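A quick write-up on the structure given underneath.
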Amino acid sequence: MPQSILAISLFFHILATALWIGGILLITALVFPEINRALADQPALHQLLLRIRARFAQVSNLSLAALIVTGLLQMTADPHYDGLLQLDNEWSRVLLIKHVLILLMALAGLVLQFGVAPALERSSLLLQRGQDDQSEWQRLRRNERRLSLVIAALALLILAASAWLTSL
């Protein structure tokens, strides 16, 4: 593969990583906790959280697609790569660990995006209309926080696996 193509691929891989993992860590560690403190249980909290979730879902999905494409290009161009599921060197084994972590993170993200978030949106709308109780919304928010923390932890482990791969 020409160096220029590899350099472009690496640029977009790093950009997608910064957007996806950086966004996850920023939202989980700073944005959501401060929004919750500032708005507590005000109706504006529900709408703001819904808008942030929807906006970040677009960024994260696009980033994940870019990571898959650019990662495959880079993997096949790497001299350590011996073929699909050829685990005869440390680099291949660490790459497998990284891919498993990415898969777990993507699955947790799908549960959050297509399971918890829609239920939370329904509960928020009903709550705003006075047709739902606060306990259901709070339960869903706890699930959202837990999943967000799991995703953030997996993101850090993926970064650690990437550093390990680079060192080999």
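Below are the figures for this structure:
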| item | result |
| --- | --- |
| Helix-only [θ]222 nm of the chain, DSSP H runs n ≥ 4, -39500 (n - 2.57) each, per residue, nearest 500 | -28000 deg cm²/dmol |
| Dipole in debye (nearest 20) - the chain, about Cα centre, beta carbon charges: Lys, Arg +1; Asp, Glu -1 | 480 |
| Order of ILE52, ILE158 under a 10 Å beta carbon neighbour criterion, fewest first | ILE52, ILE158 |
| Which of VAL111, LEU156, LEU127, positive extreme of dipole for segment 49-168 (C-beta unit charges) | LEU127 |
| Per-residue HN-Hα couplings for segment 28-36 [Karplus 6.51, -1.76, 1.60; θ = phi - 60°; Hz; x = Gly/Pro] | 5, 8, 10, 5, 4, x, 6, 4, 4 |
| Nearest 10 degrees, 0 to 90: helix 90-111 Cα axis against the chain principal axis | 20 |
| Hz values of 3J(HN,Hα) by residue in segment 139-145 - Karplus curve (6.51, -1.76, 1.60), Gly and Pro given as x | 4, 5, 5, 4, 4, 4, 4 |
| Karplus (6.51, -1.76, 1.60) ³J(HN,Hα), θ = phi - 60°, over segment 75-80, in Hz, Gly and Pro reported as x | 4, 5, 8, 6, x, 6 |
| Rounded tilt (10° steps) of 117-128 against the dominant C-alpha axis of the chain | 20 |
| Charge dipole (segment 43-168, unit charges on Cβ, about Cα centre) - positive-most of GLN138, THR76, ALA65 | GLN138 |
| Euclidean distance of C-alpha centroids, segment 40-64 and segment 124-145, integer Å | 15 |
| Cα-only Debye scattering, segment 90-144: base-10 log of I(q)/I(0) at q = 0.27, 0.28 Å⁻¹ | -0.95, -0.98 |
| Nearest-ten-degree value, helix 3-26 long axis tilted from longest Cα axis of the chain | 30 |
| Rg ratio (alpha-carbon, reference 2.2 N^0.38 Å) - the chain | 1.23 |
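We did not get these values from a lab; they are worked out from the coordinates using the rules stated. These numbers were taken from a predicted model, which means no experiment stands behind them. Note: ideal-geometry Cβ built from the backbone for every residue, glycine included; neighbour counts use all protein chains shown.
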